[in-house]
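One structure is given below, encoded as structure tokens.
The values are calculated or read from the model by the stated rules, or taken from the named source; none is laboratory data. Here the structure is a predicted model, which is why all the values come from computation and not from measurement. Here Cβ is always computed from backbone atoms with ideal geometry, including for glycine, and neighbour counts include all displayed protein chains. Side chains included, ligands, DNA and RNA excluded: accessible areas come from the protein's heavy atoms. Shrake-Rupley method; radii C 1.70, N 1.55, O 1.52, S 1.80 Å.
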Protein chains: 2
Amino acid sequence: MHKELVRFLQDNHQRYLAEVGELISIPSVSTDPARKTDVQRCAEWLAGRLCAAGLNGVQIIPTGGHPVVYGEWIGNPGPTLLVYGHYDVQPPEPIEQWTSPPFQATVRDGRLNGRGTADDKGQLYLHVKAAEAFLRCRGHLPVNIKMLFEGEEETGSPHLEAFLQEHRDLLRADLAVISDTSFFSREIPSICYGLRGIAMVQIEARAGKHDLHSGVYGGAVPNPIQALSKILAGLHDENGRVTIPGFYEDVRPLDRCERQELASLPWDDQTYAECLGVRDLCGEAGFTTIERLWLRPTLECNGISGGYQGAGFKSVLPAVASAKLSMRLVPDQDPARIADLLARYVHAIAPKTVHVSVHYVGGARAAVTPIHTAGIQAAAAALEHGFGKKPRFTRDGGTLPVLAYLKDLLGIDAVLLGFGVPDENAHAPNEFIYLDHFFNGLQTVAEFYDQLAQRWMTISAGGVSSRY
Amino acid sequence: MHKELVRFLQDNHQRYLAEVGELISIPSVSTDPARKTDVQRCAEWLAGRLCAAGLNGVQIIPTGGHPVVYGEWIGNPGPTLLVYGHYDVQPPEPIEQWTSPPFQATVRDGRLNGRGTADDKGQLYLHVKAAEAFLRCRGHLPVNIKMLFEGEEETGSPHLEAFLQEHRDLLRADLAVISDTSFFSREIPSICYGLRGIAMVQIEARAGKHDLHSGVYGGAVPNPIQALSKILAGLHDENGRVTIPGFYEDVRPLDRCERQELASLPWDDQTYAECLGVRDLCGEAGFTTIERLWLRPTLECNGISGGYQGAGFKSVLPAVASAKLSMRLVPDQDPARIADLLARYVHAIAPKTVHVSVHYVGGARAAVTPIHTAGIQAAAAALEHGFGKKPRFTRDGGTLPVLAYLKDLLGIDAVLLGFGVPDENAHAPNEFIYLDHFFNGLQTVAEFYDQLAQRWMTISAGGVSSRY
């Protein structure tokens, strides 16, 4: 990369931080109906920055939910790169556990703290600033760029599939890049080539018409909390396996080479447990922790609620109890089918004294990209430039629903070029991104654009048809 | 009872309703710290009414928590009756399920609706008005009366024991009466001669230091909701019996005559279930529904909480989950011992990957009074006068911690002269008392004072040492 560009990116650190601070300050919590106008405001702010960066065709495109922000720069014979990111964030609760306010970007101990600093506002903004730097320093970008930032990733991207379908022509590209993942560790730059899918479900157990006095009725009237507990307790066996019949049926057998490669990553269960503050790890018998996290499907309860939960005590026999569950999926599990299997099983094991309903909220399939492709190799070279080390190749337990949509609807793979760290507290209090990851990430993204253009030309000249 | 008194009570219906309306309108929710001043305000209002009724020595006596309201009338050689009631109420939540506002006494379809109409404001006020009527019409009461209204019954009366101990001399009496229970049914007046005890416990399961991303960590890190579910699911066996070792050890064997007597009460499980809107009843195998409700100990989960419970979905692996439990006890179970047995068992069955804490909140022993005593017989005669039917004798599954304290500290039994109905929604939305139960209850209470005075004299004259 030209020295001039490297210097420009270095010289503007304070401005970048100030701008990210503005972005973090907008509480764009997509799952909370009360935050709808904040999400809209965030889209407008972002559109303004795309214009300021020198992108063209900037627009806020409505969807059935929160809008998409779009901008592009086209002017090369070279490849077209679709940059995907999301400007919505997770709820900040429990707020009292934050050291500094969640919606105030705060620099502390070499970290930038705040909701969305890592997931994904801080990371998507690297692309905006890298593009700006190219256009200011050189007047053009090495690749054509289309930026698409959605506002519903944290609720499972319910309208993204329809959006991509409808705007197929606008979004036509050769490759996608997403900066929303983490390094393997603080010290080990890495490229994530696979994510798990997800199926989200709500279960409700209902007994009577309304809450009852637990003394007067206790002992003879069904208790939906106890029924729900029995259901949840029945979803795993003593080996940590999910008990839903058929749950593992479509799971693609693990590749022996891949297991060996992942097993060579530096890892210590005890350190990991201590770092998280948990007494011990757990999970499916017969698999390492990395395999449990990245390669195996799971079922987790994300929330439970029933009866009196306030201060003090209330002797109530509640009418309703409910739980939110998510299952993380691997190739080739289908989310709707898995949710259906869960629903059948829950109905089968539920105590017959309560009414149980199971609602499929949404889902996405898992996505794994081969690591020998040009996009991933360009990313590897860029990371070595930005961080001074050869990256490792990893997978991740989280879900980016967009991956399956990009593949199905636009026919393109995605490179996951993320700069977070595993303990960044995404989705939890005190989310942060390391300042040096942020600034080196900026250099890496700019270098990635250059590397991709070069590799693209080389491959094109060599006449290779499958280019990455 | 003198006709003049009967008429006076009838002529003042509208005034009584207006006054009870004022009492209901004060949201004296004792468990809610935010309602502390409302509870105090309620005590002050009640003290004002005791003065207005003509009682002497009216005072608001501080305790370690909410205050006690006291008033008396002494002027007879005859027995002294301690009237106990509680002016605090259960929380109104879920508020959206109330047809009319919880803290607004609303007459509808022959019912007086509002939080506390049945439990216990509406019922305790009958004694205030009966005493007032005697003093206005006759200038004196047939028995000496001491009224003690506490403000912490709904939180398990944490300071009542100390209060009774401290004010033993002031409260010296021959018998207590409490109007806080229900008729067997709308049509069948009854006297409750036994209540269950209670042991209240909070369980908390904790995994990591804070909430985590359920995708990134799910499958290898312990989930406290799932651990708590396993614990709760393990507290009952397939026969509906509590599995805590030793739980049934001190349970006094059931009396065959009593079981036969209770079995002769009109009862239909299907009607009962339909009335509550539950699909089916459940409970401990080998016992009838009435026995499960009144004679057998139980364990119920009153509330559960963990992870994200708001609108939408949050892919969080929570750090903490908690539950509130109560066990209803029978003679001769000891609450602290039972809570200790639960704690031991919970620790024994809890997954070793989570930290579990069990906190004993408080409790009270069960109380059963023989039905041949003079107090209960006076109440039976009064009920026949007020409702035109001989009452049946019943028990109840709820708890009045005061019963054990009265017995232990003042050496007296209590007559439970209550006018509610089983489906009155105490502790639930749309609590009510039937208007005719309220007004006939007023006649009954006044007659009870007369009957007690007469029977007391008779027994005294006959030289029977154990007077009731």
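Label separation (A:His167 vs A:Arg15): 2.7 nm, computed from points 7 Å beyond Cα along the C-beta direction.
How big a patch of accessible area, both sides summed and in Å² to the nearest 100, lies buried between A and B at a 1.4 Å probe? Please report the intermediate quantities before stating the final value.
Working: alone 20350 and 20350 Å², together 33160 Å².
Result for this pair: about 7500 Å² buried.
For B:Leu175, the residues whose amide H sits under 5 Å from its own are B:Thr80, B:Leu82, ignoring neighbours fewer than 5 places away on the same chain, with H placed 1.01 Å from N. Working note: Debye formula, equal point scatterers on the alpha-carbon atoms of chain B, no solvent; log10 I(q)/I(0) at q = 0.06 Å⁻¹ is -0.28.
For B:Gln104, the label point sits 7 Å beyond Cα toward Cβ; its separations from the matching points on the remaining copies run 4.1 nm, from shortest to longest. 3J(HN,Hα) along the range A:195-207: 10, 7, x, 8, 9, 9, 9, 10, 10, 10, 10, 10, 10 Hz, from the Karplus curve 6.51 cos²θ - 1.76 cosθ + 1.60 with θ = phi - 60°, whole Hz, x for Gly and Pro. As a fraction of the 1.4 Å probe accessible area of chain A, surface on carbon and sulfur atoms comes out at 49 percent. Enumerate the residues in the range A:293-330 having an amide nitrogen under 15 Å from the point lying 7 Å beyond the Cα of B:Thr243 toward its Cβ. Output list for this probe position: empty.
Projected onto its three principal axes, the C-alpha set of the range A:93-216 covers 79, 44, 27 Å, listed from the longest axis down.
At a probe radius of 1.4 angstrom, the accessible area of the range A:315-389 per residue rounds to 36 square angstrom. For the pair A:Glu96 and A:Glu44, the difference between a 0.36 nm per residue extended length and the Cα-Cα distance amounts to 15.8 nm.
Applying a DSSP loop filter and a limit of 12 other Cβ atoms within 10 Å to the trypsin sites (Lys or Arg not before Pro) in the range B:347-430 leaves B:Lys352, B:Lys389. Put a plus charge on the Cβ of each Lys and Arg, a minus charge on the Cβ of each Asp and Glu, and nothing anywhere else: the dipole of the protein assembly as shown about its Cα centre is then about 20 debye.
Counting only heavy atoms of the protein chains, get the accessible area per residue of the range B:1-137 (1.4 Å probe) and round it to a whole Å² value.
Value returned for the range B:1-137: 38 Å² of accessible area per residue.
In this assembly of identical copies, the label point of A:Glu166 (Cα plus 7 Å along Cα-to-Cβ) is separated from its counterparts by 6.9 nm, sorted shortest first. Shown here for the range A:119-214: GluC sites (Glu not before Pro) in loop regions (DSSP other than H, G, I, E, B) with at most 10 other Cβ atoms within 10 Å, namely A:Glu187. Volume of the convex hull of the protein assembly as shown (Cα atoms only), normalised per residue: 167 Å³. Applying the Karplus relation 6.51 cos²θ - 1.76 cosθ + 1.60 with θ = phi - 60° to the range B:285-294 yields 3J(HN,Hα) values of 4, x, 9, 6, 4, 4, 5, 4, 7, 10 Hz, where x marks Gly and Pro.
Taking the Cα centre of the range B:115-251 as origin and assigning +1 to Lys and Arg Cβ atoms and -1 to Asp and Glu Cβ atoms, the resulting dipole is close to 340 debye. Working note: Karplus 6.51/-1.76/1.60 with θ = phi - 60° gives the range B:347-358 the couplings 5, 5, 9, 5, x, 6, 7, 10, 8, 10, 10, 10 Hz, where Gly and Pro are set to x. The calculated 222 nm mean residue ellipticity attributable to helices in the protein assembly as shown amounts to -10500 deg cm²/dmol, summing -39500 (n - 2.57) over DSSP H runs of n ≥ 4 and dividing by all residues. The alpha-carbon atoms of the range A:36-117, seen along their principal axes, cover 51, 34, 20 angstrom, with the largest extent given first.
Quote the charge dipole size of the range B:1-60 about the Cα centre in Debye, to the nearest 20; the model charges only the Cβ of Lys and Arg (+1) and of Asp and Glu (-1).
My answer is approximately 60 debye.
With the convex hull constructed from alpha-carbon coordinates only, the range B:24-65 shows a mean projected area of 3.3 nm² over all directions. Starting from the label point of B:Lys390 at 7 Å along Cα→Cβ, the same points in the other copies fall at 9.9 nm, in ascending order.
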